[in-house]
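What follows is a short report on a single structure.
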Amino acid sequence: MPDPQRFDLLILGGGMSYVGAIRAAQLGLSVGLVERDKLGGTCLNRGCIPSKALLETADLLHRVTEQGAEFGLAGHEGIQLDYPALAKRRDAVVEKHVNGVEFLMKKNKVTVLRGNGVLSGPTSVRVGGGESGELEVTAANLMLATGSAPRALPGLEPDGRLVITSDEALARDDVPPRVAIVGAGAIGVEWASMYRDFGAEVSLIEFADRVVPLEDPEVGKELARVFRRRGIAIHVGSTIDPETLKKGESDVSFQVATRDGAKRTEMTVDVVLVAVGRRPLTDGIGLEAIAGVEVDRGYVTVDEFMRTGAPNLYAIGDIVPGFALAHVASHEAVVAVEHMAGHDPEPIRMELMPRVTFCRPQIASVGLTEEEARAAGHEVKTGSFPFRALGKATIVGEIDGFAKFVADAGSGILLGTHIIGPHAGDLIAEPSFAQMVDGTAAEVAMNVHAHPTLPEVLPEAALAVDGAAFHV
Ligand SMILES: Cc1cc2nc3c(=O)[nH]c(=O)nc-3n(C[C@H](O)[C@H](O)[C@H](O)COP(=O)(O)OP(=O)(O)OC[C@H]3O[C@@H](n4cnc5c(N)ncnc54)[C@H](O)[C@@H]3O)c2cc1C
């Protein structure tokens with residue numbers, strides 16, 4: 001049994017860092033992991049897994065109730081959402097995977113220390129307030145992975161009832177009939193899509209000039225077009241004026257104002273869901289006492305191997321700059337562990353991290369947008385192909401959207417891929433790999449894709465980069 005107070009690696013925060021814990025065990029390190037709540041962190045308990053479980057039912061409901069008749073299904077008119085049953089499935093899916101992480105920790109002989117951890121030195125942590133009692137734990141290496149929490153908007157602080165964040169939305173066992181969602185980033189548009197499929201009246205309010213402002217503008221335009229067709233009211237360049245907020249017994253009224261205040265729209269809803277991003281949880285973990293660690297607006301500064309400025313102290317996941325995504329966090333954890341174990345991992349390249357938003361139509365991207373590529377000094381050429389021209393998309397009945405490649409004009413090397421449409425999240429795997437190996441549009445086109453499949457959108461969009469797509 002490893003000494004419960006001395007490890008080769010100690011991890012503070014048991015979210016996606018658990019993958020790094022497994023890698024460390026594989027490499028023969030003794031590992032301690034400090035967690036004050038449930039293993040799996042935000043992703044498993046309050047993020048990816050429960051939200052996608054709900055979105056799966058939203059998709060199923062849409063397919064049966066809205067497309068059933070066209071697909072030759074009779075009797076679907078009586079089908080209704082049973083939200084308590086769905087909530088039960090959501091919780092079962094979460095429980096299964098949290099238990100799975102517990103099992104993996106045992107299997108890999110990772111010592112889980114239950115309690116709140118505070119740094120007492122660059123490689124030591126004081127654990128307390130939990131099942132493991134009061135402990136001072138030291139390690140040769142320490143990895144910080146304390147994650148993030150929803151960001152609040154001044155004047156729109158969550159009250160858990162009328163103004164909520166994704167944390168409370170995920171815990172609810174009903175669908176509010178009228179919802180205003182503030183923030184049209186990944187989390188906001190997923191909830192907008194889901195609530196709409198569940199029959200809610202949805203208003204999406206975004207301060208930037210377009211929805212999904214971090215995605216390629218053409219993707220945002222397509223999403224807005226489809227969302228409007230689906231009956232989602234979109235207010236871009238706007239925000240809720242907190243001065244006008246009036247909370248009633250069971251509803252809340254306010255004005256939605258454009259940024260310049262020129263246009264104001266009165267609104268009354270049952271719930272305001274604030275989805276304006278996440279803030280890193282680095283307050284109160286004792287970082288200020290550690291020499292050499294830089295913290296910028298809460299984010300811990302790290303290099304491409306996830307090293308902080310203090311020796312043997314690493315940080316990963318939502319507390320470091322970059323995409324706040326589960327697979328990014330787990331990949332960072334693996335790179336950090338391999339580095340501290342004296343291996344030679346590939347450094348982190350944030351531009352190779354795929355991003356997926358599970359609204360309908362789905363969105364997925366990797367690398368640079370056309371705008372970003374030009375701003376970075378590339379001369380670019382682009383090619384797009386619409387799903388509507390693809391046999392499989394017609395068969396599936398999801399014809400909105402397109403795939404778009406951004407390539408270097410001279411070499412044809414892919415700089416960015418942007419997909420909006422059915423199964424975009426699955427389709428992004430191939431472009432991610434192509435971009436990792438500096439593949440070109442011509443090479444994607446050369447790769448023969450089975451017919452009829454959705455991935456056929458990729459060679460067509462790649463051919464379109466040189467104006468040679470077949471089915472347009
Ligand atoms: C609604 C929603 C949907 C999402 N959907 C997706 C998605 O589809 N795909 C995707 O890739 N990402 C998604 N994300 C983002 C993803 O959940 C995060 O990027 C990921 O969980 C970050 O992992 P992490 O390990 O950095 O932090 P976390 O998962 O937040 O884990 C941090 C852990 O540290 C623990 N902790 C913190 N401080 C201490 C302390 N002092 N002592 C002990 N323990 C501590 C916390 O309890 C927590 O368990 C979603 C997020 C949300 C909110």
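The values are calculated or read from the model by the stated rules, or taken from the named source; none is laboratory data. Computed from a prediction, not measured in an experiment: that's the story for all the values here. We place every Cβ from the backbone using ideal geometry, glycine too, and count neighbours over all the protein chains shown. The protein model used for the area step is the full one, side chains on, heavy atoms only, and it has no ligands, DNA or RNA in it. Shrake-Rupley method; radii C 1.70, N 1.55, O 1.52, S 1.80 Å.
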Worksheet item: Which residues does a label at residue 109 reach in segment 9-48, if reach means a backbone N under 20 Å from a point 7 Å past the Cα toward the Cβ?
Response: 9-11, 18-34
Worksheet item: Carbon and sulfur: what percent of segment 55-167's accessible surface (1.4 Å probe)?
Response: 54
Fill in: Kirkwood Rh in Å, taken over all unlike Cα pairs in segment 171-229
11.8
Discussion item. With only alpha-carbon atoms in the gyration tensor, what are the semi-axes of the equivalent ellipsoid for segment 287-385, in Å, largest first?
Written reply: 30, 15, 15
Discussion item. I'd like the distance between the alpha-carbon centres of segment 276-300 and segment 385-447, rounded to an integer number of Å.
Written reply: 37
Practice prompt. May I ask you to compute the full-extension gain from residue 296 to residue 327, defined as 0.36 nm times their residue separation minus their alpha-carbon distance, rounded to one decimal in nm?
Written response: 8.9 nm
Practice prompt. With the full set of protein chains in place, find how many percent of the accessible area of segment 320-426 is carbon and sulfur; take the probe as 1.4 Å.
Written response: 53
Practice prompt. Show the residues, 5+ positions off or on another chain, whose built amide H is closer than 5 Å to the amide H of residue 178.
Written response: 201, 270, 271
Worksheet item: Per residue, how many Å² of accessible area does the chain show with a 1.4 Å probe?
Response: 44
Discussion item. I need the shape label for segment 144-272. Rule: rounded when a/c is under 1.5, else prolate if a/b > b/c, else oblate, with a, b, c from the alpha carbon gyration tensor.
Written reply: rounded
Practice prompt. In whole angstrom, note down how far apart the Cα centers of segment 114-142 and segment 323-364 are.
Written response: 26
Worksheet item: For the chain, what is the charge dipole size about the Cα centre, in debye to the nearest 20, if Lys and Arg each add +1 at the Cβ and Asp and Glu each add -1 at the Cβ?
Response: 660
Practice prompt. Could you work out the equivalent-ellipsoid semi-axes for segment 352-464, taking the square root of 5 times each eigenvalue of the Cα gyration tensor, largest first, in whole Å?
Written response: 22, 15, 12
Practice prompt. List the extent of the Cα atoms of segment 1-105 along each of their three principal axes, largest first, rounded to whole Å.
Written response: 63, 25, 18
Discussion item. Quick check: Cα centre of segment 168-205 to Cα centre of segment 246-267, how many Å?
Written reply: 17
Practice prompt. Beta carbons within 10 angstrom, averaged per residue: use that to sort the peptides 124-134, 284-294, highest first.
Written response: 124-134, 284-294
Discussion item. Going by amide H atoms built from the backbone, whose H comes under 5 Å of the H on residue 244, apart from near neighbours?
Written reply: 255
Worksheet entry | Two-decimal ratio, the chain, of alpha-carbon radius of gyration to 2.2 N^0.38 Å | 1.03
Practice prompt. Once every Cα of segment 387-432 carries one equal point scatterer and solvent is ignored, give the base-10 log of I(q)/I(0) from the Debye formula at q = 0.26 Å⁻¹, two decimals.
Written response: -0.91
Worksheet item: Taking a ≥ b ≥ c as the square roots of the eigenvalues of the Cα gyration tensor of segment 88-160, is the shape rounded (a/c under 1.5), prolate (a/b larger than b/c) or oblate?
Response: oblate
Fill in: Hz values of 3J(HN,Hα) by residue in segment 244-254 - Karplus curve (6.51, -1.76, 1.60), Gly and Pro given as x
9, 5, 10, 8, x, 4, 9, 9, 9, 10, 6
Practice prompt. Output the direction-averaged projected area (hull surface divided by four) of the convex hull of the alpha-carbon atoms of segment 85-213, in nm².
Written response: 11.6
